[in-house]
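**Q** Got a structure for you, written out below as structure tokens; questions coming shortly.
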Amino acid sequence: MDRQKLIDAGIDYDSGVERLMGNTEMYERFLQMFLDDDSFKNLDAAMQSQNYQEAFLQAHTLKGVAGNLSMEKLYQNMVLFVDMLRNGADIPGAVKFYPEIKKEYEDTIAAIC
């Protein structure tokens with residue numbers, strides 16, 4: 001796994017490894033497991049079908065996973081996005097912001113691959 005590529009994509013590699021008591025192999029294994037996580041696929045389907053309650057649930061899950069894996073850039077965007085979706089607070093804003101979320105997710109995935 002290319003550490004610099006991960007860092008350039010907004011992943012705090014050192015913090016992620018530190019969370020796992022310095023176990024680089026385990027951290028990279030968790031990053032690989034992220035590739036199989038369905039949260040984004042489910043979020044995308046919910047956004048496409050305008051099911052914003054489901055989108056909130058999936059976005060909240062993705063936010064937690066991104067935070068736990070030290071995906072700082074994705075995490076920060078997910079915090080904003082989740083707040084927009086929470087209780088329908090700003091659905092138009094969430095819809096407008098979603099392409100940024102999608103790009104950030106895709107950039108994160110590309111860095112891991």
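**Q** Find how much the distance from PHE97 to GLU54 grows on full extension, using 0.36 nm per residue of separation minus their present alpha carbon separation; answer in nm with one decimal. Intermediate results must be reported in sequence, preceding the final value.
**A** Working: separation 43, 0.36 × 43 = 15.48 nm, distance 1.67 nm.
That works out to 13.8 nm of additional length.
**Q** If the cut-off is 15 Å between C-alpha atoms, which aspartates and glutamates fall inside it for LYS96, apart from same-chain ones fewer than 8 positions away?
**A** ASP44, ASP83, GLU104
**Q** How big is the chain in terms of Cα radius of gyration and Dmax, in angstroms?
**A** Using the Cα atoms of the chain, the pair Rg, Dmax is 14.1, 42 Å.
**Q** Moving on. Given labels modelled 7 Å from the Cα in the Cβ direction, how far is it in nm from ALA110 to MET1?
**A** Those two pseudo-labels are separated by 1.9 nm.
**Q** Sticking with this structure for a sec: Starting from the Cα of THR24, step 7 Å along the direction of its Cβ; do the same at LEU80; then give the gap between the two resulting points in nm.
**A** Label at THR24, label at LEU80, 3.3 nm between them.
Just so you know, all these numbers are worked out from the coordinates, no wet-lab data involved. None of these values were measured; they are calculated from a predicted model. All Cβ positions, even for glycine, are placed from backbone atoms using ideal geometry, and neighbour counts span all protein chains on display.
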